[in-house]
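S.K.: I'd like to ask you about the structure that follows.
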């Protein structure tokens, strides 16, 4: 890389938490400013789409793209940044796996719009009005982006070079990735970076309990005082530790809350949710199918747990929408 | 005069994706400017079917800039739904986390997002008009800004485990008690943070003295004002009734959040994904109001911490005790609230119950419906859930802070465009002022478009006949 490497950040359908992770670098951000030129970062700087469009292909060395692809604007910017960037990194759960916005793939867009614009209890007589892509106003026409039928991941939209997981990625891992990239020590293209290969369960130090991990009943965190030293599954609380890639440093588990899987499946596992079902079912303490069914009913929302962050990237999403995409 | 279209895309130094369309008439004067929001994600719908106790961990993903607000509003709604009011210690710890959030969010906004406009100037070179430019211009100030934000984030980290998307509050309380050592660390930082915030206030007041003309012509307009208050109408950010005052500052309503449907309605326009809330009894658009720092300080009578109250008195005197209508005073109000939040941290940490171990109420009297409210950094936030007996969420309605300000932001954009864009020479700095009208509200369009969405901003200027003959680009 001649001169300072050029860096871009972008957010699509996301919450802004990934941007905050970058600001979490704090004083290290000043070092980043010395090592690279940030050429696009809408959250913090006044460079515009036109500035990016005017760049040559591959002029940006590294682009960190967070957020899922929800509408035509997200897609347009993803394609533009892909063309302008040597390395495109899917940054955070939403661009990696669809993230929580991907749960929207449980419904079609019309059903969502109905709730928000037709049936929400606060609406007045304007209920039923729908935002239109193009509007003739008395003073001229105005446009807003087209909402797509389903949420897609970045890799379902453009070719992605690396994946940095997490909702959001923890700041130390972001820093590690910066240094890895600047040192030119990246692994094979297509790899997950800023994370480990093992599972959270492998690195968790909670006690498994005397009886081993056998579950008779599922409980919820607000129903019991949770033992901060004991494995959640042993306590009958669903935890995604066994089906989640390690690397976050376990902030949830250390905060006495079970893992919800934001780092995605570990190496070798394609579908986190189906892996959770098989992992949990094997722990249930019964051979009687009726008892098993009753115990599993205690989970209440298996999809919302097993696919909390990964629905858009999952087998389930493909089943519902086939291969047509948006 | 040739018809024109100006595009600013995306709007920068705001949180999310938005667009402004400015229509020019044949004389090149601004006919009307629209602020519209591009994003929609559908949280109201896809939270249906989830389990209510998971909502405090799902809904923070509405917004990574103020995740604590959604986390707590959601837990508070869950408290009511499940009929399990939290023990006092749990409420204190939640409030402490919330104050950390106010400090970090307000601190970041003043110094890092709006600061470049105020300190470097609206007309500064756009390539350096940002936090990096600020560091180069005044490294000492930048260090203070980082320290203030970090202090807020560290409170969240120590109390709630994670800085972003905390996993801490659950219906009935919280899942982790506070260690005495952590309390002592937080207490040590108070004096320095107060000093930094007071330095920020001085920067703003000096800037205001030098820029009075801009302040008085930059989006000054009447509206109602809303915010949580204590029983004696002091500033409250965590728990209380919602107070709505009219343009003259007189109280229109003071109500429990669970009755919000009697007071607030929402209007839909087909040119924005964001709805327009208003005071139901007054109708739309007469009943529009503002929230956030400016709205809150107009809806209270005093502040119950001494340093912030002293600043408040000075602030309130600007308009002779009447509501402050100047959009640029959002920045001033934000700093006064930051001071309040720091003082409040001290009050909370010195409360003997803060180290209590009784943090979760597991006894429940299931109600099935509840509305959680909190004053997020950007304004009043409401989470309304209807839940089945097995814990599955059946219906969700959300009114978020930036949503309440939707009308005000549109009005501010229109007003600033009309004031500053008056001839064919449309300088970049003028367009930056249009963006600054939005930026003053510190909008969080991630929040507001929990419904659908995303927020770069685009400014289009279109002629009276709708013909697009020329495109003026921001840096052209």
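S.K.: Give B:43, B:53 a once-over and let me know the one that is at the interface with another protein chain (Cβ under 9 Å from one of its Cβ atoms), in contact (Cβ under 8 Å) with a residue 24 or more places away in the chain and over 23 Å from the mean Cα position of the chain (by Cα).
M.R.: B:53
S.K.: State the number of residues belonging to region B:344-397 that are within 30 Å of residue B:189 (Cβ to Cβ) and outside any strand (DSSP E or B).
M.R.: Within region B:344-397, the subset within 30 Å of residue B:189 (Cβ to Cβ) is B:344-360, B:372-381.
Next, from what is left, pick out any that are outside any strand (DSSP E or B): B:344-359, B:377-378.
So the count comes out to 18.
S.K.: Sticking with this structure for a sec: Could you tell me whether residue B:155 is farther than 30 Å from residue B:264 by Cα, away from chain A (no Cβ under 11 Å) and buried (at least 19 other Cβ atoms within 10 Å of the Cβ)?
M.R.: Answer is yes for this residue.
S.K.: Only one of these conditions is not met by residue B:207: (1) in a loop (DSSP other than H, G, I, E, B); (2) modelled with pLDDT under 95; (3) touching a helix residue (DSSP H, G or I) at 6+ places or on another chain (Cβ under 7 Å). Which number is it?
M.R.: For residue B:207, the failing item is (1).
S.K.: For region B:419-432, check the following and say yes or no: at least one residue is modelled with pLDDT of 85 or more, more than 8 Å from every other protein chain (Cβ to nearest Cβ) and touching a helix residue (DSSP H, G or I) at 6+ places or on another chain (Cβ under 6 Å).
M.R.: Checked region B:419-432: at least one residue is modelled with pLDDT of 85 or more, more than 8 Å from every other protein chain (Cβ to nearest Cβ) and touching a helix residue (DSSP H, G or I) at 6+ places or on another chain (Cβ under 6 Å).
S.K.: Something else now. Does region A:207-218 contain at least one residue that is closer than 20 Å to residue B:56 by Cβ and assigned to a loop (DSSP other than H, G, I, E, B)?
M.R.: Keep residues of region A:207-218 that are closer than 20 Å to residue B:56 by Cβ, which gives A:218.
Subsequent filtering for residues that are assigned to a loop (DSSP other than H, G, I, E, B) retains A:218.
Yes.
S.K.: Return only the number of the condition from (1) farther than 30 Å from residue A:7 by Cα; (2) over 20 Å from the mean Cα position of the chain (by Cα); (3) not in a loop (DSSP other than H, G, I, E, B) that residue A:242 does not satisfy.
M.R.: Only one criterion in (1) farther than 30 Å from residue A:7 by Cα; (2) over 20 Å from the mean Cα position of the chain (by Cα); (3) not in a loop (DSSP other than H, G, I, E, B) is unmet by residue A:242, namely (2).
S.K.: Something else about it: What number of residues in region A:116-138 are assigned to a loop (DSSP other than H, G, I, E, B), at pLDDT 80 or above, more than 7 Å from chain B (Cβ to nearest Cβ) and within 31 Å of the chain's Cα centre (by Cα)?
M.R.: Of the residues in that region, 0 qualify.
S.K.: Quick one: which strands (runs of 3 or more DSSP E) sit completely within region B:214-276 and have at least 2 residues that are within 30 Å of residue B:433 (Cβ to Cβ), more than 18 Å from the chain's Cα centre (by Cα) and without any contact (Cβ under 8 Å) to a residue 40 or more places away in the chain?
M.R.: Of the strands (runs of 3 or more DSSP E) lying wholly inside region B:214-276, none has at least 2 residues that are within 30 Å of residue B:433 (Cβ to Cβ), more than 18 Å from the chain's Cα centre (by Cα) and without any contact (Cβ under 8 Å) to a residue 40 or more places away in the chain.
S.K.: Give the residue, chosen from A:113, A:154, A:103, A:147, that is more than 8 Å from every other protein chain (Cβ to nearest Cβ) and either crowded, with 22+ Cβ neighbours inside 10 Å or more than 19 Å from the chain's Cα centre (by Cα) (or both).
M.R.: A:154
S.K.: Here is a follow-up. Any residue at all in region A:44-61 that is within 19 Å of the chain's Cα centre (by Cα) and in the same structural domain as residue A:174 (by TED's automatic domain parsing)?
M.R.: no
S.K.: Take the conditions within 22 Å of residue A:225 (Cβ to Cβ) and touching a residue at least 40 places away in the same chain (Cβ under 8 Å) and apply them to residue B:166. Does it pass? Walk me through how you get there before you give the answer.
M.R.: Details: within 22 Å of residue A:225 (Cβ to Cβ): yes; touching a residue at least 40 places away in the same chain (Cβ under 8 Å): yes.
For residue B:166, the condition - within 22 Å of residue A:225 (Cβ to Cβ) and touching a residue at least 40 places away in the same chain (Cβ under 8 Å) - is met.
S.K.: The conditions are (1) over 27 Å from residue B:190 (Cα atoms); (2) in contact (Cβ under 8 Å) with a residue 40 or more places away in the chain, and residue B:58 fails exactly one of them. Which is it?
M.R.: So the condition that residue B:58 fails would be (2).
S.K.: If a residue counts only when it is within 27 Å of residue A:305 (Cα to Cα) and modelled with pLDDT under 95, which helices (runs of 4 or more DSSP H) contained entirely in region A:1-105 have at least 2 such residues? So that I can check it myself, show each step before the final result.
M.R.: Numbers: elements: A:17-23, A:27-35, A:49-53, A:72-84, A:93-97.
So the answer is A:17-23.
S.K.: Test residue B:273 against the criterion of being under 27 Å from residue B:386 (Cα atoms), facing another protein chain (nearest Cβ under 9 Å) and buried (at least 23 other Cβ atoms within 10 Å of the Cβ), and give yes or no.
M.R.: Values: under 27 Å from residue B:386 (Cα atoms): yes; facing another protein chain (nearest Cβ under 9 Å): yes; buried (at least 23 other Cβ atoms within 10 Å of the Cβ): yes.
Answer is yes for this residue.
S.K.: For the structure I just gave you, tell me whether residue B:416 is more than 14 Å from chain A (Cβ to nearest Cβ), assigned to a helix (DSSP H, G or I), buried (at least 24 other Cβ atoms within 10 Å of the Cβ) and at pLDDT 80 or above.
M.R.: For residue B:416, the condition - more than 14 Å from chain A (Cβ to nearest Cβ), assigned to a helix (DSSP H, G or I), buried (at least 24 other Cβ atoms within 10 Å of the Cβ) and at pLDDT 80 or above - is met.
S.K.: Might you check whether a residue that is in contact (Cβ under 8 Å) with a residue 60 or more places away in the chain, away from chain B (no Cβ under 11 Å) and surrounded by fewer than 17 Cβ atoms within 10 Å (Cβ to Cβ) occurs anywhere in region A:268-276?
M.R.: Looking for residues that are in contact (Cβ under 8 Å) with a residue 60 or more places away in the chain, away from chain B (no Cβ under 11 Å) and surrounded by fewer than 17 Cβ atoms within 10 Å (Cβ to Cβ), one finds none in region A:268-276, hence no.
S.K.: Looking at residue B:332 and the list (1) surrounded by fewer than 24 Cβ atoms within 10 Å (Cβ to Cβ); (2) in contact (Cβ under 8 Å) with a residue 40 or more places away in the chain; (3) more than 30 Å from residue A:120 (Cα to Cα), which single condition is not satisfied?
M.R.: Among (1) surrounded by fewer than 24 Cβ atoms within 10 Å (Cβ to Cβ); (2) in contact (Cβ under 8 Å) with a residue 40 or more places away in the chain; (3) more than 30 Å from residue A:120 (Cα to Cα), the lone unmet condition for residue B:332 is (1).
The values are calculated or read from the model by the stated rules, or taken from the named source; none is laboratory data. Keep in mind that this is a model prediction, so the values were computed, not measured. Counting neighbours? That spans all protein chains shown, and the Cβs are built from the backbone with ideal geometry, glycine included.
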